[in-house]
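What follows is a single structure, written as structure tokens, with notes after it.
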Amino acid sequence: MILKNHIITDISINQLDDLHKLKPFWEDGTLKINKSQIARELKVDRRTVDKYIKGYKKSCHRHRDNCITPYYDIIDELLSDRNQQIFYYKKTLWQYLVDNYDFKSIYCNFCHCLKKYPEFNSYFNKKKPSNTKKISIRYETDAAKQAQLDWKESIPFILSSGETIDVNIFVLLLSYSRFRVYRVSLSKSQNILFSFLDDAFETFGGVPEEIVTDNMKTVMDKARTEYDRGKINNKFQQFASDYGFKVHPCIAGRPRTKAKVEAPMKILDEIRAYNGKLNYRELVELVTKINNRVNSQVNQGTGRIPLLYFEKEKAFLRSLPADNVRKPYQITTNIVKVNHSSMFNYKGCQYSVQPEYVGKIVSLQIYDGYIHVYYNMKLITIHQISMKKLNYISEHYSEIARQTHIFKDEHITNRAKENLDIIGRVYDYE
């Protein structure tokens, strides 16, 4: 093999890269080199001249630190099959490291370095359905013209206690600014929807002209199709009339009609990265944190920061209705104290809870005909609203009896049922 060598054919020094030509003369001492004079002529430091004479060459490639190496063990644990946390996207993993491990590298550098580790990169190389053959037209709306409504439904989430719950996340997005509101719930009932919409409008400081929605049962009695206008639910239509907006349902099977809210929904998959790490309160706080972050970052579709454009848009929103109109749609929280009989009062009637909550303060939320009882954000029991003065759940009564030691353990269940029957069958137990 013949290799071509670079032979020095002149001794002229015009720039730093030419100084290597002096190295042979410097090494054998045949030529006296005035480094200070060269430094003055090239307008650099004398030490720089010395470095280049000895053969230094400036790299033409930018050196990138491998940001993965210091975090290898952490990433290996996070992405292992043993871990119940799930990272659907590289950006989710990057954000998790930034939020929890003080990771400093920017996202593009993180992706570049991650490719060097096949064991990590393959975790994200799952085949995704292609939409390349689907054609859609882009459209935009004026400020305050439209909002798009959606739910991220039934997301399995493992709490720090080990309990698995199905989480639903409500999203209402203003189409012009892309400013959005997220809310977390264990239910998607119509009462919850009304309360969340009222809360979102209050956050916006007003109401848009129309809301684009899919054919969810809490909105539509009959789905809109290509050949049928569908039928809006009477209660939802009344809600829309009270708040002064129009309902615009999508044609069934065409979710791209509300693509502005559909596309960004994948950001909410980030919560699966916290499986087994959070209680319910902390999960709600995480979703709020994600909400604030998304509203403060540049939107990929518009190239604008939603929060800044929301400041312009909210001036055009319609005014909120009067408080007396809004109040029936709002889910309020009542604070009560559990008495020594392990019961709390609601509208003159008493309802039971587990005896460990005696003397504690619990929160009540009333919707869908039921009283939902919470202690420190944890749902502890549910009662159907009743006109009866005493409302016991049989398990609660049995546990109260067990702790008072008035019956022998083997007789507790039967005696509890007998007493409840005497009280007046206040609970329909089996």
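Where a number appears in this text, it was derived from the coordinates with a stated rule and is not lab data. Model, not experiment: these values are computed from the prediction. Neighbour counts run over all protein chains shown; Cβ positions are idealised from the backbone, glycine included.
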- Too long at a 19 Å Cα-Cα cut-off: which of Lys231/Lys314; Lys90/Lys116; Lys347/Lys389; Lys21/Lys54; Lys235/Lys327; Lys91/Lys115? Lys231/Lys314
- Query: Using a simple spin-label model with points 7 Å from Cα along the Cα→Cβ vector, what separation in nm is obtained for Lys277 and Gln237?
  - Reply: 4.7 nm
- The ³J(HN,Hα) series, computed from each phi in the range 376-388 with the Karplus coefficients 6.51, -1.76 and 1.60 at θ = phi - 60°, rounded to the nearest Hz and given as x for glycine or proline, is 6, 6, 9, 6, 9, 6, 10, 10, 6, 4, 9, 8, 6
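Once R0 is set to 60 Å, what does the formula 1/(1 + (r/R0)^6) return for the Cβ-Cβ distance between Glu119 and Lys389, expressed as a FRET efficiency to the nearest 0.05? Can you show the working numbers first?
Values: r = 65 Å, r/R0 = 1.08.
My answer for the efficiency is 0.40.
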- Task: Would you calculate the separation in nanometres between label points at Val298 and Thr164, each defined as 7 Å from the Cα along the Cα-to-beta-carbon direction?
- Result: 4.0 nm
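Can you give the FRET efficiency for Asn376 and Lys57, using 1/(1 + (r/R0)^6), R0 = 60 Å, r = Cβ-Cβ distance, to the nearest 0.05?
Details: r = 65 Å, r/R0 = 1.08.
Calculated value: 0.40.
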- Item | Spin-label pair Gln84/Ala39, simplified geometry with 7 Å Cα→Cβ offset, distance in nm | 6.6 nm
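Starting from 0.36 nm per residue, how many nanometres of slack lie between Ile305 and Asp102 once their C-alpha separation is accounted for? Walk me through the intermediate numbers first.
Working: separation 203, 0.36 × 203 = 73.08 nm, distance 2.46 nm.
Contour length minus the Cα-Cα distance gives 70.6 nm.
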